[in-house]
Amino acid sequence: MTSPFSDEKPSSAARRIRMTVNGVAVEAVAEPRTTLVDFLRGDLGLGGTHVGCEHGVCGACTILLEGRTVRACLMLAVQADGARLTTIEGLGRDGVLHPIQQAFVDEHGLQCGFCTPGFLLSVHELLEQNPDPSDEEIRDFLGGHLCRCTGYKTILRSVRLAARRLRETKAAVAAHAEASS
Amino acid sequence: MKPPPFAYAAPRSVADATALLRASDGDAKLLAGGQSLLPLLAMRLARPSLLVDLGRIADLDYVREDDGMIAIGAMTTKTAVERSALIRTRQPLLHDATRLIGHPQIRNRGTVGGSMAQADPAAEYPAVAVALGATLRLAGERGERSVDAAAFFPSPFTTALEPSEILTEIRVPMRAAGSGWSVLEIARRHGDFALAGAVVMLGIESGRIASARIVLFGVAPVPVRVSAGEAALLGESPGRPAFEHAAACARDAVSEPLSDPHASAAYRCHLAGVLVGRGLAEAAARAEGSS
Amino acid sequence: MTGGIPKTIADLPTSKARYIGERVPRVEDQMLVSGRAEFIDNATLPGMLHGAILRSPFAHARIVRIDTSRARALPGVFAVVTGEDARATTAPLGTIPDGWGVHCLAVDKARFVGEPVAAVAATSRALAEDALEQIDVEYEPLPAVVDAFEALKPGAPLLLEEKGSNVVLHKQFRWGDVDAAFRDADRVVREKLRWNRLGANPMETFGVIAQWDPSEATLTCRGSYQTQGYMALGISAVLQIPAHKVRVISHPHGGSFGGKGGMRGTCIAAMLSRQADGRPVKWIEDRMEYLVGGAGQAWDRHYEAALALRSDGRFTGLHVTLLDDLGGTPEGAGAISAAKPLASFTGCYTIPVAAYDLTLVLTNKLPTGPYRGMGPPPHNWVLEHLVDTAARELGIDPGEIRRRNFIAKDRFPYEIATGNEYDSGDYEAALDRVLEMSDYRRLREEQAQARAEGRLVGIGLVSTIEPGVFDWNAYAIVGVPMTGVPEGATVSIDLFGKIVVKVGFSLEGQGQYTVAAQLLADYFGVELGDVRVVAQDSLSAPPHFGPGGSRLGVALTGAVLGAAERVKAKLVRAAAHLLQADPGVVVLRDGRLEVPGVPGAEMTVAQVAAVMLTRSDLLPPDLEPSPEATCVWTAPGRTPADADGRAKSYLTAANACHIVRVEIDAETGQVTIDGYWIADDCGVRLNPANVEGMIQGGVAQGVGAALLEEYVYDADGQPLTSTFADYLLPTISDVPIPETAAIVTPSPFTPLGAKGVGEGAMHTTPAAVLCAINDALAPLGVQATETPASPHRLWKLLESARSHAKSNR
Ligand SMILES: Cc1cc2nc3c(=O)[nH]c(=O)nc-3n(C[C@H](O)[C@H](O)[C@H](O)COP(=O)(O)OP(=O)(O)OC[C@H]3O[C@@H](n4cnc5c(N)ncnc54)[C@H](O)[C@@H]3O)c2cc1C
Ligand code: FES
Ligand code: FES
């Protein structure tokens, strides 16, 4: 990722950074010490990325950086200069839920919903890499996300449902493409 | 929990980075993946005057075969290691160890160099580096130098790095034919730092143990080689009696075991013995399977 | 009021209930999965400052001097407060029992690590934390008392010198002739058990934005409040502002489980806002603050207990001695947790007499507070452990000994020795179901085989009660003087027949808004999406308490249906007038008001509502023309407790029977749960998916309690578990996924027959897992008697068994 503004000269002054968040180019000023999660929430007004621990253990702050999940409390905003990010606000659009979100609704995969955005983004990465994960693979991938409410049963079910629906959609699209070619 | 103020720079080359370190008053810190450093900053346990971000240096992120060794750039993420076909096929111990580190979201950011430089007593990589006889390449004001892993971890959370040096590359040998490996650990939860862990490598020739390496992590301030156990295995036929003896050596190998609310010193030493016993069995099975 | 509230789903004015009783998706979820809920940290007010709190690094220390001048001088700092300000402008915090309160900022001395000592408001949180580092506090460390038994000794360091003792309460209760029961028993089993501190840890910590209005001398507090109206009263008392001048607004919050707290944080934020001339001050508790200084610690308990038996396995008496370590002060209502076990003291069993020797003591640790279950989870473990020990000693199967002692299904309502009344139940049905589901006989056969191979396999079988729908009278023995807990709802119908229901609590995770929508959609024959639930603040909402004590589902059902009945009565009168019929013949059914048997004599709810809202001139003059009504529901028949704490307290008694299979790694002490079966009876399930969620959430927290979670302090009172890397919450890999079954014994006392189930399996899982572990250990002659059963603890037990076996050889 190229960083148009990041300064090679040391400075503790706030600096201008630029990134693409949920497909929209944004530019703002951040102190070096501002974490990415505080920047997203405070400066960009994207409150769906939640803060559960600020020390990297709970997973609530998980976002996608260049398509990969990262913990936004374990990055500085200046490190993301030039990057492409996706937050929960970028998953569904205008009230239309992403199939993963819909699966969590349908399977009661949440209670308080505080951990949920982080889970959803990790599930997104998981299913991109592995469209048909086993329960063990799901557990392995989500082991770094804490949920205090659900006891995880319905989360597991939600992931299975989302995976199935996404596979079915993909198969249907492929069949359609074949039929029309 | 907000970090204290600090200055920040994102140099584009190793030379620029070492120059920044040299020019600073000595409490500058390098920033790699931040998976260890950011929590320390948030808790204000680390208070650098300057953070030098290695993330913009283009040529520290690679895994390649070089001169019969596997060369890994310091800024290579654990996810990249995990996905490297070269590592999976030619040094599967490193692949397996990587999967024990934290969680995918941590591995997506955390780097190989960061884990070595952090030198956490419970971390997998330092023990793996010691077991494999890895070489670490450092860049500093006097140019480059290489340090054996065995000499890189003098005490917990400290390394052989000079204040203005940067770890640039880790070089590990490929797995020898006919050798088996194992890395096992016990943690309170999946993905947690280990209460105890053991890295084991065994070479078996004509039904006899021809080479052995046993390194413990999580039990002592630094990775511990179980030399007595290794020596005792040589020439033995792989099997329970030999492994149990080596496991007993592992239990006794640790002079200053760690102790915390999760595990006492005695428990950690006991676990080290259990893991070495299990690890040897696993390594032997793999060695036999591969030859 | 229960009169007129439908008793069963069939009584609702619909030919077929489409929503209630069904697993409908939750109305809350669209917003939550989109990341759009306004959790408190997402809210911002103009001119808002950010607070940070300086906390004591010592468990016990005199505060000699505080110098805040350097902090005040920092640009961007607008307010700095210390204990002196608290002393000058606030009253001590309320406590249970009364009269042990300290101020929200330590005055003169600090009593636990993490106690607030000073606070700052600045233009950013980072800056406020920078300013904390500029506050100089001179402490004179005092000897700390960390162990509860030490705290009892004469000469122990005193937490509150003026009290002359650390003992907050010491009482002995005898319900019946317990001495005779133990004297006449064929056998008595005894055990000492230790339940270590653990706690709620919702994924969102507490947060508040406090705004003082200097012109009107009013205070508005927005925050993640579990019980806003109740908090408002507390804030009013501490800050000495009349209650009508305090407005508390509860935001959606990320779980609570009783452990949200917030009293100190709110009062400190309010003091900062006042000093900053009314600028709003946000304070978000960070996770480390929560772990060392928040409301997340509960149940630090030392038990000694005995069960008297006949040789046929019948229980004749129970004696429980509890030393409960409340930490630094009784401000967190931890004492309530020692009283609540009275609501189900003798579990599912007919134990005619009982005794409780209760001591509450202070130590230099964080004050304990509520946590899901509020006290019975440890008590249930103690009781179930004794039952298992009895079964083992008598050679009776654990299922069989329980069956012999169950309260039979025809004996309800049943009054237990401690005075509470269980509404209904069929404990044998749940037991039979879970025995069948687990194929229990086969489990035992497999266990015998595993044992023969030297493996440590254990089966836990426990049966517990979850008291539901709390009343304050349950806590009389620790000095709570009140009776009656209200929950109100206001239901209104708009011009288009859509429904709005206003309540006094916000989202917390249990799905109550969905339940309200289900009820009203069926009641008035509309779609689920036609009902909107709106939270009102503490001054505008009808009387309310909110979630807690496994009550809101039941109480809200009462309030919503009560309000719906009143709206219906108005609609019927209006419709009768418009249709020129006698009100006595007009009925509401499937969203229509009609005169049965008279073709054409019908109007829709929307039509009647529209007339009421626009043409009151067409209606009878004595009919209030708004299609709106409020009902405040309170559990019927609650009366103050007698001198021994006996009262009809919790309205419902849900029952669960769990079977767990574990295997202990004999070399490492690690426990694997490899089988789990649950039969649960919480009466009629208003939304089965919600109920299952409560149960499974309780399983997870129960596994945490049994295996992972513990707050550890060193001998000086320093907390050693101050991050999520050390305080271990269960992950997706740690929690089993049980096979579950529902038994339905409707409550005769509640609307629609539902029982409280919000605290769920937390009542059962800790005991079930620990009993399974002890079943595995039984052949070795050792028992786990301390929570959590960590690998380290179990390894030590296994070692002691091995060395014992060696020395006996
Ligand atoms: C929840 C969680 C679980 C974890 N579990 C594990 C685990 O099980 N096992 C494990 O091993 N680790 C674990 N970690 C730590 C993780 O692996 C870190 O990524 C790693 O320790 C540090 O790598 P980093 O790239 O993030 O380094 P950083 O955090 O950026 O840096 C760490 C230290 O190394 C120095 N440094 C970094 N790069 C260099 C360099 N090239 N030259 C010189 N100095 C350098 C830095 O100055 C700093 O002092 C966990 C972390 C978290 C948050
Ligand atoms: S807030 Fe980032 S991991 Fe918890
Ligand atoms: S739904 Fe509340 S923490 Fe996961």
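The values are calculated or read from the model by the stated rules, or taken from the named source; none is laboratory data. Worth saying up front: this structure is predicted, and the values here are computed from it rather than measured. A quick note on method: Cβ atoms are made from the backbone with ideal geometry, for glycine too, and the neighbour counts reach across all protein chains shown. SASA here: full protein model, heavy atoms, side chains in, ligands and nucleic acids out. Shrake-Rupley method; radii C 1.70, N 1.55, O 1.52, S 1.80 Å.
The condition (being touching a Phe, Trp or Tyr at 6+ places or on another chain (Cβ under 9 Å), within 7 Å of chain C (Cβ to nearest Cβ) and at pLDDT 95 or above) is satisfied by just one residue among A:LEU146, A:LEU126: A:LEU146.
Scanning region B:34-51 for residues that are farther than 18 Å from B:MET1 by Cβ and more than 8 Å from chain A (Cβ to nearest Cβ) yields one hit, B:SER49. Considering only residues of region B:172-195 that are open to solvent by 40 Å² or more (accessible area, probe 1.4 Å) and assigned to a loop (DSSP other than H, G, I, E, B), which is nearest to the other protein chains (Cβ to nearest Cβ)? In this case the residue turns out to be B:HIS190.
Of the set (1) touching a Leu at 6+ places or on another chain (Cβ under 8 Å); (2) within 13 Å of chain A (Cβ to nearest Cβ); (3) closer than 26 Å to C:LEU342 by Cα; (4) open to solvent by 10 Å² or more (accessible area, probe 1.4 Å), all apply to C:VAL684 but (2).
Total residues in region A:18-73 satisfying the condition of being away from ligand 3 (no atom under 16 Å from the Cβ), within 26 Å of C:PRO202 (Cβ to Cβ), of a type in the set (S, T, N, Q) and under 11 Å from the mean Cα position of the chain (by Cα): the figure is 1. Among the criteria (1) assigned to a loop (DSSP other than H, G, I, E, B); (2) away from chain B (no Cβ under 14 Å); (3) open to solvent by 10 Å² or more (accessible area, probe 1.4 Å), the one A:LEU161 does not fulfil is (1). The residues listed here are B:GLY229, B:GLY203, B:GLY235; of these, the one that is part of a loop (DSSP other than H, G, I, E, B) and either surrounded by 20 or more Cβ atoms within 10 Å (Cβ to Cβ) or not basic (Lys, Arg) (or both) is B:GLY235.
In the set (1) in contact (Cβ under 8 Å) with a residue 24 or more places away in the chain; (2) within 27 Å of C:ALA725 (Cα to Cα), the condition left unmet by B:ASP192 is number (1).
Scan region C:351-386 for residues that are outside any helix (DSSP H, G or I) and under 18 Å from C:PHE315 (Cβ atoms) and the total you get is 6.
For C:MET31, the criteria (1) within 30 Å of C:LEU571 (Cβ to Cβ); (2) of a type in the set (A, V, I, L, M); (3) within 14 Å of chain A (Cβ to nearest Cβ) hold in every case but one, which is (1).
Every condition in (1) within 17 Å of A:ASN22 (Cβ to Cβ); (2) among the acidic types (Asp, Glu); (3) within 9 Å of another protein chain (Cβ to nearest Cβ) holds for A:ASP106 except the one numbered (1). Among residues of region C:546-569 that are more than 15 Å from C:LEU651 (Cα to Cα) and open to solvent by 10 Å² or more (accessible area, probe 1.4 Å), those with a beta-carbon under 8 Å from a residue that is of a type in the set (Phe, Trp, Tyr) and assigned to a helix (DSSP H, G or I) at least six positions away or on a different chain give the pairs C:LYS568/C:TYR523. The residues listed here are A:GLY92, A:GLY48; of these, the one that is away from ligand 1 (no atom under 16 Å from the Cβ), in contact (Cβ under 8 Å) with a residue 12 or more places away in the chain, small (Gly, Ala, Ser) and at the interface with chain C (Cβ under 10 Å from one of its Cβ atoms) is A:GLY48. If you go through region A:167-178 one residue at a time, do you hit one that is assigned to a loop (DSSP other than H, G, I, E, B) and surrounded by 13 or more Cβ atoms within 10 Å (Cβ to Cβ)? For region A:167-178, residues assigned to a loop (DSSP other than H, G, I, E, B) and surrounded by 13 or more Cβ atoms within 10 Å (Cβ to Cβ): absent. Of all the criteria given as (1) in contact with a His (Cβ under 7 Å, 6 or more places away or on another chain); (2) more than 14 Å from every other protein chain (Cβ to nearest Cβ), the one not satisfied by B:GLY239 is (1).
Scanning region C:525-561 for residues that are assigned to a helix (DSSP H, G or I) and small (Gly, Ala, Ser) gives C:GLY529, C:GLY553, C:ALA555, C:GLY558, C:ALA559.
Restricting attention to region C:738-790, the residues that are over 21 Å from the mean Cα position of the chain (by Cα), open to solvent by 20 Å² or more (accessible area, probe 1.4 Å) and under 25 Å from C:ASP471 (Cα atoms) add up to 5.
Within region A:120-169, the residues that satisfy the criterion of being within 16 Å of ligand 3 (Cβ to nearest atom) and of a type in the set (Ser, Thr, Tyr) are A:SER122, A:THR150, A:TYR152, A:THR154, A:SER158. Does any residue of region C:720-735 turn out to be more than 14 Å from chain A (Cβ to nearest Cβ), part of a loop (DSSP other than H, G, I, E, B) and open to solvent by less than 10 Å² (accessible area, probe 1.4 Å)? No: zero hits.
Scanning region A:49-80 for residues being more than 7 Å from ligand 2 (Cβ to nearest atom) and either modelled with pLDDT under 95 or aliphatic (A, V, I, L, M) (or both) gives a total of 9. Exactly one residue among A:GLY95, A:GLY118, A:GLY82 is among the small types (Gly, Ala, Ser), closer than 30 Å to B:LEU54 by Cα and surrounded by fewer than 24 Cβ atoms within 10 Å (Cβ to Cβ), and that residue is A:GLY82. Only residues that are of a type outside the set (S, T, N, Q) and within 16 Å of ligand 2 (Cβ to nearest atom): list them for region B:18-45, please. Residues satisfying the conditions are B:GLY33, B:GLY34, B:LEU37, B:LEU38, B:PRO39, B:LEU40, B:LEU41, B:ALA42, B:MET43.
For region C:649-667, the count of residues that are in contact (Cβ under 8 Å) with a residue 12 or more places away in the chain, open to solvent by 20 Å² or more (accessible area, probe 1.4 Å) and within 14 Å of chain A (Cβ to nearest Cβ) is zero. Could you name every one of the helices (runs of 4 or more DSSP H) located completely within region B:1-113 that has at least 1 residues being open to solvent by 10 Å² or more (accessible area, probe 1.4 Å) and not assigned by TED's automatic domain parsing to the domain that holds B:ARG137? Passing ranges, in order: B:14-23, B:37-42. Looking at region C:442-506, the strands (runs of 3 or more DSSP E) lying wholly inside it that each contain 2 or more residues that are touching a strand residue (DSSP E or B) at 6+ places or on another chain (Cβ under 9 Å) and small (Gly, Ala, Ser) sit at C:456-468, C:487-493. Name, by its number, the condition in (1) modelled with pLDDT of 95 or more; (2) more than 20 Å from A:CYS112 (Cα to Cα) that does not hold for A:ARG41. Unmet for A:ARG41, out of (1) modelled with pLDDT of 95 or more; (2) more than 20 Å from A:CYS112 (Cα to Cα): (2).
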